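Encoded as structure tokens, the structure appears first; notes follow it.
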Amino acid sequence: MSESVSMPPVASGEWLARFVFFRNRIRHDGTLKADEFVPFPHTGLSVTRHLRLTEADLWNIGQDIARQRGKPVLARADLQASSFERHRLRVIPAPVDRNANHAEVVGWPPEKSSQKIIAIEIAADAGRVRMMPMESQ
Amino acid sequence: MIVGASESSPSSHRAVHSRAMSDVAILVGKEMRLGWSHLLESLALDSRGAMGFHELFRVYEECQNAGWDGHGAAPVSEATYEQAREFLEALPLGAPGPSFGAEADGHITMEWYGGPRRTLSVSITPDGEIHYAALLGASKSFGSEPFLGESPAIVLDLIRRVTTK
């Protein structure tokens, strides 16, 4: 995490992107499986704030993460911070090198089944993913 | 010509076909091929059929190394794969088949999906525990159960409720 970047707190109405790297997590109708939102092994779930970013900026960040992970970015889900907060989770700014808008969703319960039911509800909230546009590939 | 009742493999179909000498034999050969086609189709549709096991094995193969997600994921172990295979085998014949996946903690997941708010997700652990969570409209159900070789009744009930139109 970069110490030099200070970011404002995440507002409930803020939009957050979760990039998707696995095809088998995208259902045939374009919605996401809960698997995408289970936070292990990290204490938080990584998301990117839309704050002051264009569509192209967002996809560029997705591609940068893809290069770091060695997996192609396929799609992204957009959710408002309130979708996490209603499950008593918190979204905190967590800027990293090359992504000042990085944030983490923290406060997950330790029990796996409790994490899963929250993940299912978040996936339902997320609706259909946005597929990576051809021009960004 | 000879059509033995015990000749039931695909290779024996070819043998029957090549030996067919009459219209009756050709008809019998066609019927046998059709029967095999239906059998394979039903296996593919059944949750315990070839397609389900193939998809499960593919998930295991793709996720058996640590860091398979490029972000520190735990590997899907052989023990987890075996538990998942046994869980799949234990489902009642004709039960709707799940789709498969893996979570970053190395658990294999099975999902039954009837819509965004009619969903059941089951996680299989290497030590024979299953964690389940289901959305059923406005209500939800979640918890953990030991897997002792038989599908837990609660999970079977949730599969039925999620997949019944």
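The values are calculated or read from the model by the stated rules, or taken from the named source; none is laboratory data. If you're wondering where the values come from, they're calculated on a predicted model, not measured in any experiment. Positions of Cβ are generated from backbone atoms using ideal geometry, with glycine treated the same way; all protein chains shown enter the neighbour counts.
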Problem set entry | Test: residue B:94 is more than 8 Å from every other protein chain (Cβ to nearest Cβ), under 15 Å from the mean Cα position of the chain (by Cα) and modelled with pLDDT under 95 | yes
Exercise. From the list B:145, B:89, B:62, which residue is more than 15 Å from the chain's Cα centre (by Cα) and within 17 Å of residue B:159 (Cβ to Cβ)?
Worked result: B:145
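Can you pull out every residue in the stretch B:62-91 that is assigned to a loop (DSSP other than H, G, I, E, B), away from every other protein chain (no Cβ under 11 Å) and among the aliphatic types (A, V, I, L, M)? So that I can check it myself, show each step before the final result.
Residues of the stretch B:62-91 assigned to a loop (DSSP other than H, G, I, E, B): B:63-77, B:91.
Applying the additional criterion that residues be away from every other protein chain (no Cβ under 11 Å) yields B:64-65, B:75-77, B:91.
Matches in the stretch B:62-91: B:76, B:91.
Taking the conditions exactly as written (away from chain B (no Cβ under 12 Å), touching a Gly at 6+ places or on another chain (Cβ under 7 Å), buried (at least 20 other Cβ atoms within 10 Å of the Cβ) and at pLDDT 95 or above), does residue A:49 satisfy them or not? Before you say what the answer is, go through the steps one by one.
Values: away from chain B (no Cβ under 12 Å): yes; touching a Gly at 6+ places or on another chain (Cβ under 7 Å): no; buried (at least 20 other Cβ atoms within 10 Å of the Cβ): yes; at pLDDT 95 or above: yes.
No; evaluated as a whole, the condition is false for this residue.
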Problem set entry | Residue pairs meeting the criteria (Cβ under 7 Å; at least 6 apart or on separate chains; first touching a residue at least 40 places away in the same chain (Cβ under 8 Å), in the stretch A:66-94; second exposed (fewer than 14 other Cβ atoms within 10 Å of the Cβ) and among the basic types (Lys, Arg)) | A:74/A:23
Exercise. Just for the stretch B:97-132: of the residues that are more than 7 Å from every other protein chain (Cβ to nearest Cβ) and over 29 Å from residue B:72 (Cβ atoms), which one is surrounded by the fewest Cβ atoms within 10 Å (Cβ to Cβ)?
Worked result: B:115
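Quick one: which residue in A:84, A:40 is of a type in the set (Phe, Trp, Tyr) and surrounded by fewer than 21 Cβ atoms within 10 Å (Cβ to Cβ)?
Numbers: A:84 fails: surrounded by fewer than 21 Cβ atoms within 10 Å (Cβ to Cβ).
Result: A:40 is the single residue among A:84, A:40 that is of a type in the set (Phe, Trp, Tyr) and surrounded by fewer than 21 Cβ atoms within 10 Å (Cβ to Cβ).
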Seminar exercise, completed: Going through the stretch B:100-116 in order, the residues found to be under 13 Å from residue B:77 (Cβ atoms) and assigned to a strand (DSSP E or B) are B:102, B:108
